[in-house]
Amino acid sequence: MGISEDKFILPSGFKSAGVACGLKPDGQKDLALIFSTKRASAAGMFTTNRVQAAPLQINREHLGDGYAQAIVVNSKNANACTGDQGLVDARKTADITAEGLGIDPADVLVNSTGVIGVPLPMEHLERGIPQAIEALRSDAWDDVSEAIMTTDTVPKKASSTITVEGGEITICGIAKGSGMIAPNMATMLSFVITDAVLDPEALQACLSSAVGRSFNCITVDGDMSTNDTVLALANGEAGDAPLSGNALNAFQESLDEICISLAKQIARDGEGASKLITIHVKGASTPDDAKTVGLAVANSSLVKTAVFGRDPNWGRILCAIGYSGAAIDPLRVSVTMAGIPIYWDGAGMPFDNAQAIDALSAANVTIDINLGQGECEATIFTCDLTYDYVRINAEYTT
């Protein structure tokens, strides 16, 4: 089957829960727990921001042996820039979870998201974690995806079941993210679970490849956060032997598709966004040039506001291509916006302005760029920049 964003069958051997522990107001879910009934191969990727939240340090330690059994996540509070107490609180979160599940604290991966610089109110987690453990079940994936949200307007989910030699493999993923989204991940979390048989090294390689094609190819505002994390667990319940050959390739393809789906959902739900923008760059001399050009266009506030205002202002796109730093020849570049050719051979092309405005009214807008210099390409996902983005971020803590 293909990727589903609304129907979910949890992989064998996994349970989950999403509960309200009082971090968010009005009984909103704010604590999530994912549990494998057996130790699972584990892999992770983290923000490259030098300012990193306490949970990331704990997770790196706990992933040292390549295995884990539980993922606990709180929203509303990032536990970032909280000094030594932040580390104490993150370790205590792992300890409480491990004690309740009867597992080793080193097999618990701890995650937080929300406001930076505020001490974690541990009394809420001390009450909520046992509640989440009690609520664990095989059909609570929706609750989990809701509990990790901050400024998100919708939960982000994707799943797939594939048939390989030896049986079926299920992969489920969730993500959160809406603002402070930049390449190399940003204020986003994503968790992927599967019953595939993979050793830790193979799982890490698969995850690194998938993240490179997905979460590292999105941007909302160019800001990179302190808590960005992608974690994967593979508990091996779907077979006896590690995946290899065609089966491993099929798993990689499905994992890529799930991560790309989640990345696009994040970009589509960018703070205040009204449109998903897909920027496809081809004809580059190198993969880096293709990605560099795509990100320059995607991060251009002028391009993003033009799409919001349905303004077919191709000069802004060419300007971003030019200052990207990639090696380009303007006379070889061609640009198509929302399916309408607008630039060719060093000059703008005549087009029907009313038709262009109508095309830019769509919820999904594509900008195709051909650099005309090679065979390399890249696809970047972003969103438009609206009045609401300013309002949301101007009032984030007030």
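Summed over the stretch 15-43, residues that are buried (at least 22 other Cβ atoms within 10 Å of the Cβ) and closer than 22 Å to S208 by Cβ total 6. Scan the stretch 35-47 and tell me whether some residue there is in contact with a strand residue (DSSP E or B) (Cβ under 6 Å, 6 or more places away or on another chain), part of a helix (DSSP H, G or I) and either within 17 Å of L189 (Cα to Cα) or of a type in the set (F, W, Y) (or both). Checked against the condition, which is being in contact with a strand residue (DSSP E or B) (Cβ under 6 Å, 6 or more places away or on another chain), part of a helix (DSSP H, G or I) and either within 17 Å of L189 (Cα to Cα) or of a type in the set (F, W, Y) (or both), the stretch 35-47 yields no hits at all.
Between S41, S4, S16, the distinction of being farther than 16 Å from R137 by Cα, touching a helix residue (DSSP H, G or I) at 6+ places or on another chain (Cβ under 6 Å), of a type in the set (S, T, N, Q) and in contact (Cβ under 8 Å) with a residue 40 or more places away in the chain belongs to S41 only.
Determine whether L23 is touching a strand residue (DSSP E or B) at 6+ places or on another chain (Cβ under 8 Å), closer than 15 Å to A132 by Cα, part of a loop (DSSP other than H, G, I, E, B) and of a type in the set (A, V, I, L, M). Judged against the criteria, L23 is a match. Among the conditions (1) out of contact with any Lys or Arg (no Cβ under 6 Å at 6 or more places or on another chain); (2) farther than 29 Å from E377 by Cβ; (3) at pLDDT below 95, M149 misses just one, which is (1). Scan the stretch 45-57 residue by residue and report those that are under 20 Å from I148 (Cα atoms) and surrounded by fewer than 24 Cβ atoms within 10 Å (Cβ to Cβ). Passing the criteria: M45, F46, T47, Q52, L56, Q57. Residues in the stretch 269-293 that are at pLDDT below 95, open to solvent by less than 30 Å² (accessible area, probe 1.4 Å) and either in a helix (DSSP H, G or I) or among the charged types (D, E, K, R) (or both): D269, E271, K275.
Residues are listed down the side, and each one gets a yes or a no for (1) surrounded by 22 or more Cβ atoms within 10 Å (Cβ to Cβ); (2) in contact with a Pro (Cβ under 7 Å, 6 or more places away or on another chain):
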| residue | (1), (2) |
| --- | --- |
| L198 | yes, yes |
| L203 | yes, no |
| C206 | yes, no |
| S209 | no, no |
| D240 | no, no |
| L243 | yes, no |
| A247 | no, no |
| L255 | yes, no |
| A267 | yes, no |
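Residues in the stretch 62-84 that are at pLDDT 95 or above and not small (G, A, S): H62, L63, D65, Y67, Q69, I71, V72, V73, N74. Pairs linking a residue in the stretch 262-291 that is closer than 10 Å to A378 by Cβ to a residue that is basic (K, R), with Cβ atoms under 8 Å and 6 or more positions apart or on different chains, are V281/K291; A290/K282.
Conditions (1) free of Cβ contacts under 8 Å to residues at least 24 places away in the same chain; (2) closer than 23 Å to A175 by Cα; (3) assigned to a helix (DSSP H, G or I); (4) out of contact with any Leu (no Cβ under 9 Å at 6 or more places or on another chain), marked per residue:
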{"residue": "D65", "(1), (2), (3), (4)": "no, no, no, yes"}
{"residue": "N79", "(1), (2), (3), (4)": "no, yes, no, no"}
{"residue": "K92", "(1), (2), (3), (4)": "no, no, yes, no"}
{"residue": "I96", "(1), (2), (3), (4)": "no, no, yes, no"}
{"residue": "L109", "(1), (2), (3), (4)": "no, yes, no, no"}
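Say whether the condition of being among the hydroxyl-bearing types (S, T, Y), touching a helix residue (DSSP H, G or I) at 6+ places or on another chain (Cβ under 9 Å) and surrounded by fewer than 16 Cβ atoms within 10 Å (Cβ to Cβ) is met by at least one residue in the stretch 372-392. Yes, the stretch 372-392 contains at least one residue that is among the hydroxyl-bearing types (S, T, Y), touching a helix residue (DSSP H, G or I) at 6+ places or on another chain (Cβ under 9 Å) and surrounded by fewer than 16 Cβ atoms within 10 Å (Cβ to Cβ).
Taken together, the residues in the stretch 331-355 that are part of a loop (DSSP other than H, G, I, E, B), out of contact with any helix residue (DSSP H, G or I) (no Cβ under 7 Å at 6 or more places or on another chain) and open to solvent by 50 Å² or more (accessible area, probe 1.4 Å) amount to 7. As a summary of the residue check, M224 satisfies the conditions (1) open to solvent by less than 10 Å² (accessible area, probe 1.4 Å); (2) at pLDDT below 85 except for the one numbered (1). One residue alone among V118, V144, V154 is of a type in the set (V, I, T) and modelled with pLDDT of 95 or more, and that residue is V144.
The values are calculated or read from the model by the stated rules, or taken from the named source; none is laboratory data. Since this is a predicted model, take the numbers as computed values, not measurements. All Cβ positions, glycine included, derive from the backbone under ideal geometry; neighbour counts span all protein chains shown. Surface accessibility is based on the protein's heavy atoms, side chains included, excluding ligands, DNA and RNA. Shrake-Rupley method; radii C 1.70, N 1.55, O 1.52, S 1.80 Å.
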